[in-house]
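The values are calculated or read from the model by the stated rules, or taken from the named source; none is laboratory data. Computed from a predicted structure; not experimentally measured. As a convention, Cβ positions derive from the backbone with ideal geometry for all residues, glycine included, and neighbour counts pool all protein chains shown. Ligands, DNA and RNA are stripped out before the accessible areas are found, and what is left, the full protein with its side chains, is counted by its heavy atoms. Shrake-Rupley method; radii C 1.70, N 1.55, O 1.52, S 1.80 Å.
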Amino acid sequence: LQALLELAMVSDDSRLKQIVRQGYEYARSHGVIRLGWMPSWIAPQQFGRPASAAVESEGCGIADTLMLAVQLTDAGLGDYWDDVDAIVRNHLLELQSSDLAAMRCACGSADYDASLQRFIGGFTQAGLTANLRSAIYGCCTGNGTRSLYHAWAGITRFDQGVATVNLWLNRTATWLDVDSYLPYEGKVVLHNKEAHTVLVRIPAWVDRPALRCFVNEH
């Protein structure tokens with residue numbers, strides 16, 4: 001779908017654009033997008049896969065969902081930043097193995113720490129509420145790291161003096177810095193450097209009546 005969308009944009013094929021959008025929406029309806037979770041397979045037994053594939057996620061699927069959401073939004077085919085935000089904060093984060101002590105449990109001792117350290121940052125598979133396997137997958141790691149870039153690049157954009165903040169995640173850019181205190185405090189601080197206008201997207205989960213905005217603390 002990512003490749004088809006790129007083709008649709010280059011060829012300005014409106015029908016193909018809608019096919020990709022509908023494909024994303026169909027896949028999305030089979031996951032729990034507010035938790036950033038998508039199944040590895042939809043109806044896996046029809047394709048000779050174990051039934052468990054419908055209730056577990058994999059790094060590739062989560063990462064591809066995020067990247068396609070960014071592409072569709074950039075293409076003007078919808079606003080999927082809330083999907084991206086949910087994926088980053090939940091399952092994408094949990095699928096990345098960064099705890100050496102937890103990884104050591106798979107080996108039973110510290111004898112293999114030198115090897116395990118080479119896999120820190122890799123991506124694995126998980127169920128909705130728990131990691132399923134003590135393994136790092138090459139394909140999931142490749143897609144997972146690409147999706148981290150897509151999310152990072154989408155935090156803020158800059159065009160002709162206008163800075164747009166799409167995600168309330170930390171980022172330092174030449175035009176604007178985003179300091180996010182989430183999830184520990186309900187606060188985001190923007191440090192403007194070059195923009196004459198700043199547009200901030202308000203996530204769907206924000207309590208709008210309780211929202212307060214300040215410029216220079218006023």
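What to note about this one:
- Per-residue SASA remark: Ser180, around 20 Å² accessible (1.4 Å probe; ligands, DNA and RNA not included).
- Region 172-186 - phi-based ³J(HN,Hα) in whole Hz, Karplus 6.51/-1.76/1.60, Gly and Pro as x: 10, 10, 5, 9, 6, 10, 10, 10, 9, 9, 6, x, 6, 9, x
- Under the criterion of Cα pairs below 8 Å and six or more residues apart, the relative contact order for the chain equals 14 percent.
- Pairs of alpha carbons in region 36-113 whose separation is greater than 14 Å (percent): 69 percent
- Rg/Rh (Cα only; Kirkwood hydrodynamic radius) as it applies to region 137-218: 1.03
- Spin-label proximity, Ala130 to region 28-46 - amide N less than 19 Å from point 7 Å beyond Cα toward beta carbon: 37-40
- Whole-percent carbon and sulfur share, accessible surface of the chain, 1.4 Å: 54 percent
- Where only alpha carbons of the chain are counted, the Rg and the Dmax (Å): 19.3, 61
- Percent RCO, i.e. relative contact order, over region 156-218, from Cα pairs under 8 Å lying at least 6 residues apart: 30 percent
- Per residue, in Å², the accessible surface of the chain once ligands and nucleic acids are set aside, probe 1.4 Å: 58 Å²
- Near Gly78, once Lys and Arg are set to +1 and Asp and Glu to -1 for all other residues with Cβ below 11 Å from its Cβ, the sum equals -2.
- Surface accessible to a 1.4 Å probe, His30 within the full protein complex, Å²: 80 Å²
- Note on region 1-74: Cα Rg divided by 2.2 N^0.38 Å, N the number of residues, gives 1.18.
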